[in-house]
Amino acid sequence: MTISDPPSVVASPLPDKPVGREAATTPALSISAVSHSYGARSALIGVDFTVAPASFTALLGLNGAGKSTLFSLVTRLFGIQAGGIRIFGHDIRREPGEALRLMGVVFQPRTLDLDLSVMQNLLYHAALHGIGRRDARLRGDEVLSRIGLSDRTGSKVRDLSGGQMRRLEIARALLHRPRLLLLDEATVGLDVKARADILGHVRHLVTEQGIGVLWATHLFDEVIPSDNLVVLHEGRVLANGEVTRVLDDSGARDVNTAFMRLTGAKSGSLAP
């Protein structure tokens with residue numbers, strides 16, 4: 001399937017890509033003044049933030065905040081109406097191939113073929129990225145080993161647990177060796193242990209492989225003090241920075257309380 005921007009979209013250009021020494025500090029992901037509407041309803045309003053390389057950024061917002069819309073724009077499922085998006089300095093409108101090559105994505109809906117085996121799912125994904133079959137098998141064995149699924153290589157996906165399916169989707173997203181990983185509500189529907197396992201694996205990718213991560217969630221307990229935090233509410237960024245700074249600025253002791261103060265939400269209306 002070929003995805004192209006609608007002819008009516010207008011995007012504001014971002015500054016030129018950095019060169020030389022500046023390139024070392026180029027954000028993994030840069031969102032600049034991005035707005036998006038569905039008819040008369042505004043889904044995103046002037047969204048600005050960056051994700052640094054080798055960092056974990058939590059995009060925190062309730063259902064309907066605009067997280068999935070933003071992911072659809074970053075991955076070019078939707079055309080950009082206003083603003084700009086860059087991946088390691090590559091404008092996704094001007095250099096879509098290079099930008100998308102540097103990014104892996106795990107969407108909230110499951111996208112695995114349940115009737116194919118674990119390895120067959122990986123080989124199919126590799127083929128879409130132009131990776132040869134031999135290299136794809138080597139990479140598949142490598143990523144399956146990292147996520148603890150080496151013993152399920154020949155198993156049909158439908159025979160995996162929910163947590164194992166999510167780990168497989170992460171492995172698939174890493175198969176082409178991206179430098180940025182986006183995950184949209186990756187732990188939805190999983191039990192506490194499976195959620196912790198997925199989070200632990202993704203954080204390990206940040207520290208051990210230097211991958212930049214944008215982790216979209218509505219669950220406060222998935223955010224820890226060492227994370228960077230972007231609070232998205234009704235399409236607007238209400239806070240952006242290290243968790244400790246967001247807590248200090250809001251005068252809160254924890255993320256839950258900070259979120260309530262920033263959004264004016266009541267504790268009884270929030271997801272656990």
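The values are calculated or read from the model by the stated rules, or taken from the named source; none is laboratory data. Bear in mind the structure is a predicted one, so any value in this text is a computation, not a measurement. Don't worry about glycine lacking a Cβ; one is built from the backbone with ideal geometry, like all the others, and counts go over all protein chains shown.
Taking region 180-198 as the search range and keeping residues that are farther than 18 Å from L62 by Cα and modelled with pLDDT of 95 or more, which one is surrounded by the most Cβ atoms within 10 Å (Cβ to Cβ)?
Applying the filter and picking the extreme gives L181.
Among the strands (runs of 3 or more DSSP E) lying completely within region 43-122, list those that include at least 1 residues that are on the phi < 0 side of the Ramachandran plot and aromatic (F, W, Y).
Values: elements: 56-60, 82-87, 103-106.
Ranges flagged: 56-60.
Kindly check whether there is at least one residue in region 168-179 that is in a loop (DSSP other than H, G, I, E, B), crowded, with 19+ Cβ neighbours inside 10 Å and acidic (D, E).
Of all residues in region 168-179, those in a loop (DSSP other than H, G, I, E, B) come to 175-179.
This time we only want the ones that are crowded, with 19+ Cβ neighbours inside 10 Å, so: 175-176, 178.
If we keep only those that are acidic (D, E) too, we end up with none.
Within region 168-179, not a single residue is in a loop (DSSP other than H, G, I, E, B), crowded, with 19+ Cβ neighbours inside 10 Å and acidic (D, E).
For the condition touching a residue at least 12 places away in the same chain (Cβ under 8 Å), in the same structural domain as L44 (by TED's automatic domain parsing) and within 17 Å of H176 (Cβ to Cβ), what is the one hit in F88, F107?
Checking each option against the conditions leaves just F88.
Have a look at F220, F259 and point out the one that is surrounded by 15 or more Cβ atoms within 10 Å (Cβ to Cβ), within 12 Å of L60 (Cα to Cα) and either touching an Asp or Glu at 6+ places or on another chain (Cβ under 8 Å) or not assigned by TED's automatic domain parsing to the domain that holds E98 (or both).
Sole residue among the options that is surrounded by 15 or more Cβ atoms within 10 Å (Cβ to Cβ), within 12 Å of L60 (Cα to Cα) and either touching an Asp or Glu at 6+ places or on another chain (Cβ under 8 Å) or not assigned by TED's automatic domain parsing to the domain that holds E98 (or both): F220.
So how many residues does region 113-151 have that are under 22 Å from Q209 (Cβ atoms) and of a type in the set (D, E, K, R)?
Counting residues in region 113-151 that are under 22 Å from Q209 (Cβ atoms) and of a type in the set (D, E, K, R) gives 6.
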